[in-house]
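The values are calculated or read from the model by the stated rules, or taken from the named source; none is laboratory data. Note that the structure is a prediction, hence the values are computed from the model and not measured. Here the Cβ positions follow ideal geometry from the backbone for every residue, glycine too, while neighbour counts run over all protein chains shown. Protein only, heavy atoms only, side chains kept; ligands, DNA and RNA dropped before computing areas. Shrake-Rupley method; radii C 1.70, N 1.55, O 1.52, S 1.80 Å.
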Amino acid sequence: SHDIRTPLTAIRAYVEGLADNIADTPERRRHYIEVIQKKTEDMNRMIDQLFLFSKIDLGEKALPLQSLELNEVISDIIEENKEGWQYRQALVVWTPSPEALPLLGNRELWQRIITNLVTNNIKYKTEEYVHIGIRSWKQENMVCLEVADDGPGVPEEALMRLAEPFYRTDKARSRTGDGSGLGLSICKKIIEEHGGEIWAESRLRSGTTIFFTLNKG
């Protein structure tokens, strides 16, 4: 409720500013409208994330599973999003497995996983650009995937809590309204829905890597 109330408060303040003609130039009015639009998008994203999290948490199948080829799915997701990620100063390098990686899954859920992880990497970057490597491979009867960045890293004591709902390593961010604290929790639940495992490895100032293992389809 706090995370939803934060952008709501900002929207109300800017709407009142427009109504009271505080934004008295075209430039200021444009700025106010842009802020309202962004905060509305933030709220919509948070509610959408919370709905999906709650649905999976209740034990429902979020979306039907089907036969997929992971390299193809990840390639499509990166192609669809790469321009937006580049605009936000994220350079994504994709290294697919040289062999096919069939599994049971859902394209929309994989879209959530990859976009949530890349968005997290962008959100917490401390340099102008963040470099993100996505790699897939096969190991015996398992399909493996990693998403690694060169960001600030995560303290060791926080690693075990990264996938907890609403947990943030930087408590100051809870006052910004930037994010819902659900991204990694949703990734974890989706991977478990796929019958797989997810874990993180990190070192301060050396980046963080999220690993996935799933049964072959």
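Once region 92-132 is narrowed to residues that are open to solvent by less than 60 Å² (accessible area, probe 1.4 Å) and either touching a Cys at 6+ places or on another chain (Cβ under 7 Å) or among the hydroxyl-bearing types (Ser, Thr, Tyr) (or both), the residue that is modelled with the highest pLDDT is Ser97.
Could you please find all residues in region 29-48 being open to solvent by less than 100 Å² (accessible area, probe 1.4 Å), over 14 Å from Ala10 (Cβ atoms) and at pLDDT 90 or above? The answer is Arg29, and nothing else. Total residues in region 16-28 satisfying the condition of being in a helix (DSSP H, G or I) and either within 26 Å of the chain's Cα centre (by Cα) or exposed (fewer than 13 other Cβ atoms within 10 Å of the Cβ) (or both): the figure is 4. Scanning region 192-212 for residues that are modelled with pLDDT of 75 or more, surrounded by 16 or more Cβ atoms within 10 Å (Cβ to Cβ) and more than 20 Å from Val92 (Cβ to Cβ) turns up just one, Gly196.
Looking at Val118, Val73, Val92, just one residue is of a type outside the set (Gly, Ala, Ser), part of a strand (DSSP E or B) and touching a strand residue (DSSP E or B) at 6+ places or on another chain (Cβ under 9 Å), and that residue is Val92.
Residues that are open to solvent by 40 Å² or more (accessible area, probe 1.4 Å), free of Cβ contacts under 8 Å to residues at least 60 places away in the same chain and hydrophobic (A, V, I, L, M, F, W, C) within region 65-91 comprise just one, Leu91.
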